[in-house]
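**Q** Handing you a structure now.
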Amino acid sequence: MHASAREGSNPKIYALDTNVLIHDPNAVFNFEEHQVLVPMVVLEELDKLKVGSTALAADARQSVRTIDAILGGATPQQIMEGVGIERQHTQQSVGTLSIMMPRDPSASILPAHSNDNRIINDLLALQAQHQEAEVVLVTKDINMRLKARGSGLQSEDYHNDQLISDIDSLTTGYHALEGSFWEQIEAVAPQNIRGERYHVIDKKVLAEVLHEPFYANQFFYDQKEFVGRIHRVEDAQVSIEMLNTGVLMRQKAWGMVPRDLFQAMAMYLLFDPEIDLVALNGAAGSGKTMLALACALEQTMETKQYKRIIATRSTRGLDEDIGFLPGTETEKMQPWLGAFTDNLEALHAEDFDPGSSQDFVGAKVPIQFKSLNFVRGRSFQQSFMIVDEAQNLTPHQIKTIITRAGQGTKVVCLGNLAQIDTPYLGPTSSGLTYMSERFKGFEHGGSITLEGVARSRLAAYAESHL
């Protein structure tokens, strides 16, 4: 369900499932002039989920507070009829919010043994009572949508924060050009190229060559080993940073060199002090964690640009399971952050004494493993923050993490959109996708999709054939 008014004069009633309010606690504001219903069953589920320090509990509490802010001063009769939803930017009430009471269970179509069935039964009864209105169930649960449609009830997904409809349209962070970039530019308009770091090109001229939308911190490369990075996009001109394949491939981070041009472009963004946010998307084994960790160690230990490395990840069940593990927060997080320790071993595999090297890094480098439970309310200064498995975060959760960044902090989000483990997220609704699209064009942010599998020939074959 895209939260926008559709053509037609019939009134619409949108009933929100619990997972929609967890996914976006402010979802009730996104249905314009239509009526929004929150079933009593949903309030009961939110009540059970709201206790605790998990991200899920925090989202449940925020949802309840949002509903209370709208309904707080209304009488029971007003709530039954629907309370106007006030828009902060216009101070006008558009659309209504009400709570749906349970209906007569004797008229149920589906067995009332689950909350999903109870919601569907109540909405079917409401639909029969208000035949002039269009009743729509909005849920992130695919199976519940199927059951609703099978019962004769309209159901839709919640897509208000879905910025693209096809994952193939997700930005990769670079353009590949055939032939020579400069020959194509000269064919459109003559250029006076000087041996400087930046070159300014007319915006229309560049658009004719790239044939695709472009934005700040996007790369493009040709078959003549030229690589350019769009430094700044203005109204009529575009500033390009002049690079080449040799310069990028000679980069080194903690003894590691890039294996291909895509890793080199990612490393360039990771090293740039003007870039505060980097999103790396790629298949398993493409080198996301290795690149981020190597660049973090280089800039923390060698150049002293950052004071600490903060590592965290999203794993389904982590919020609950961490409490049952023994030890401190760092010790509790160790089993979940094996990817970092594995890559740390790989970075020192060729040392004379790899064990001593890892002990040295462990003792000297302030690497802090943080649980997402305890990120809320924090402010991290002068830190290199790595968020692994970011594809499992909702847009609301990704916002919570990024807004923790203080002065001098770089946030690097890693993920593989083909390995989403949460039941209510897909590649187009993932927080990693949402962030990549929202920050597209932000002059202090960049996104790169890594190609190929650098882990091993076995991993590469498995990625492409299994």
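The values are calculated or read from the model by the stated rules, or taken from the named source; none is laboratory data. Owing to the predicted nature of the structure, the values given are computational and were not obtained by experimental measurement. When we count neighbours, we look across all protein chains shown, and the Cβ atoms used for this are built from the backbone with ideal geometry, even at glycine. The accessibility values were calculated without ligands, DNA or RNA, using every heavy atom of the protein model including side chains. Shrake-Rupley method; radii C 1.70, N 1.55, O 1.52, S 1.80 Å.
**Q** I'd like to know how the range 209-256 sits against the 2.2 N^0.38 Å rule of thumb: what's its Cα Rg over that expected value?
**A** Details: Rg = 12.8 Å, N = 48, 2.2 N^0.38 = 9.6 Å.
Relative to the 2.2 N^0.38 Å estimate, the range 209-256 comes out at 1.34.
**Q** Which shape class, rounded, prolate or oblate, goes with the range 185-321 when its Cα gyration tensor gives a ≥ b ≥ c as root eigenvalues, a/c under 1.5 marks rounded, and past that a/b bigger than b/c marks prolate? Could the numbers behind the result be given before it?
**A** On the way: a/c = 2.25, a/b = 1.88, b/c = 1.20.
Prolate, since a/c reaches 1.5 and a/b exceeds b/c.
**Q** Restricting to DSSP H runs of at least four residues, report the calculated mean residue ellipticity at 222 nm for the chain, -39500 (n - 2.57) per run over all residues, nearest 500 deg cm²/dmol. Walk me through the numbers before you get to the answer.
**A** Numbers: 18 runs with 160 residues, N = 466.
The per-residue figure over the chain is -9500 deg cm²/dmol.
**Q** Let me ask another. For the range 409-442 and the range 166-224, what is the separation of their C-alpha centers, rounded to whole Å?
**A** 26
**Q** Please list, ordered by chain and number, the residues whose modelled amide H lies under 5 Å from the amide H of Gly285; skip anything fewer than 5 residues away on the same chain.
**A** Those qualifying (amide H under 5 Å, at least 5 residues apart or on another chain) number zero.
**Q** Using only alpha-carbon positions, what ratio does the radius of gyration of the range 386-466 give when scaled by 2.2 N^0.38 Å? Working shown, then result.
**A** Numbers: Rg = 14.3 Å, N = 81, 2.2 N^0.38 = 11.7 Å.
Dividing the Cα Rg of the range 386-466 by 2.2 N^0.38 Å gives 1.22.
**Q** In Å, the Kirkwood hydrodynamic radius of the chain over pairs of distinct alpha carbons? Intermediate results must be reported in sequence, preceding the final value.
**A** Working: mean 1/r = 0.0402 Å⁻¹.
Hydrodynamic radius (Kirkwood, Cα pairs) of the chain is 24.9 Å.
**Q** Let me ask you something else. What are the lysines whose alpha-carbon lies under 16 Å from the alpha-carbon of Lys224, with same-chain residues fewer than 8 places away excluded?
**A** Within the straight-line limit of under 16 Å, Lys224 reaches no lysines at all.
**Q** Would you tally the net charge around Ala189, using a Cβ to Cβ cut-off of less than 11 Å, leaving Ala189 out, and scoring K and R as +1, D and E as -1?
**A** Its environment carries a net charge of -2.
**Q** Sort largest first and round to whole Å: the equivalent ellipsoid semi-axes of the range 243-285, each the square root of five times a Cα gyration tensor eigenvalue.
**A** Values: eigenvalues 49, 42, 21 Å².
Sorted largest first and rounded, they come to 16, 15, 10 Å.
**Q** Let me ask you something else. Under 8 Å for C-alpha pairs, at least 6 residues apart: give me the relative contact order for the chain, rounded to a whole percent. Before the final figure, lay out each step's value.
**A** Numbers: 850 pairs, mean separation 70.9, N = 466.
The normalised contact order for the chain reaches 15 percent.
**Q** What number results when the radius of gyration of the range 125-269, computed over Cα atoms, is divided by 2.2 N^0.38 Å? If you can, show how the numbers build up before the last one.
**A** Values: Rg = 24.2 Å, N = 145, 2.2 N^0.38 = 14.6 Å.
Taking the Cα Rg and dividing by 2.2 N^0.38 Å, one obtains 1.66.
**Q** Here's something else I'd like to know. Starting from the Cα-Cα distance between Trp182 and Met301, subtract it from 0.36 nm times their residue separation and give me the gain in nm to one decimal.
**A** Working: separation 119, 0.36 × 119 = 42.84 nm, distance 3.95 nm.
In short, 38.9 nm is gained.
**Q** Related question: Label Val200 and Asn244 with points 7 Å out from Cα along Cα→Cβ: what is the distance between them in nm?
**A** 2.5
**Q** What figure in square angstrom, to the nearest 10, would you give for the accessible area of Ser165 with a 1.4 Å probe?
**A** Looks like 110 Å² after rounding.
**Q** With every protein chain left in place, what is the accessible area of Glu178 in Å² (1.4 Å probe, nearest 10)?
**A** Approximately 150 Å² for this residue.
**Q** What's the whole-number percent of alpha carbon pairs in the range 77-184 lying beyond 22 angstrom?
**A** Numbers: 3172 of 5778 pairs.
Percent of Cα pairs beyond 22 Å in the range 77-184: 55.
**Q** What does the convex hull of the Cα atoms come to per residue for the range 1-122, in Å³? Don't jump to the answer; show the numbers that get you there.
**A** Values: hull volume 16.1 nm³, N = 122.
Dividing the Cα hull volume of the range 1-122 by its residue count gives 132 Å³.
**Q** Tell me the accessible surface of Ile164 in square angstrom (1.4 angstrom probe, heavy atoms of protein chains only), to the nearest ten.
**A** In the full protein context, Ile164 sits at about 20 Å².
**Q** Consider just the alpha-carbon atoms of the range 253-312 and return their Rg together with their Dmax, both in angstrom.
**A** 11.1, 31
**Q** Starting from the Cα-Cα distance between Glu134 and Arg65, subtract it from 0.36 nm times their residue separation and give me the gain in nm to one decimal. Kindly include the intermediate steps, with their values, before the conclusion.
**A** Working: separation 69, 0.36 × 69 = 24.84 nm, distance 2.78 nm.
Fully extending the segment from Glu134 to Arg65 adds 22.1 nm.
**Q** The chain: longest stretch without exposed trypsin sites (Lys or Arg not before Pro) (DSSP loop, at most 14 other Cβ within 10 Å), sites themselves excluded? Don't jump to the answer; show the numbers that get you there.
**A** Details: sites that count: Arg6, Arg194, Arg197, Lys224, Arg250, Lys252, Lys304, Lys307, Arg316, Arg376, Arg378.
Between the exposed loop sites, the longest stretch runs 7-193.
**Q** Throw me the Rg/Rh for the range 180-224, computed over C-alpha atoms with Kirkwood Rh, two decimals.
**A** Numbers: Rg = 10.6 Å, Rh = 11.5 Å.
Ratio of gyration radius to Kirkwood radius: 0.92.
**Q** For a 27 Å ceiling on Cα separation, which of these pairs sit above it: Lys288/Lys410; Lys50/Lys370; Lys48/Lys410; Lys12/Lys48; Lys410/Lys440; Lys252/Lys304?
**A** Those over the limit are Lys48/Lys410; Lys12/Lys48.
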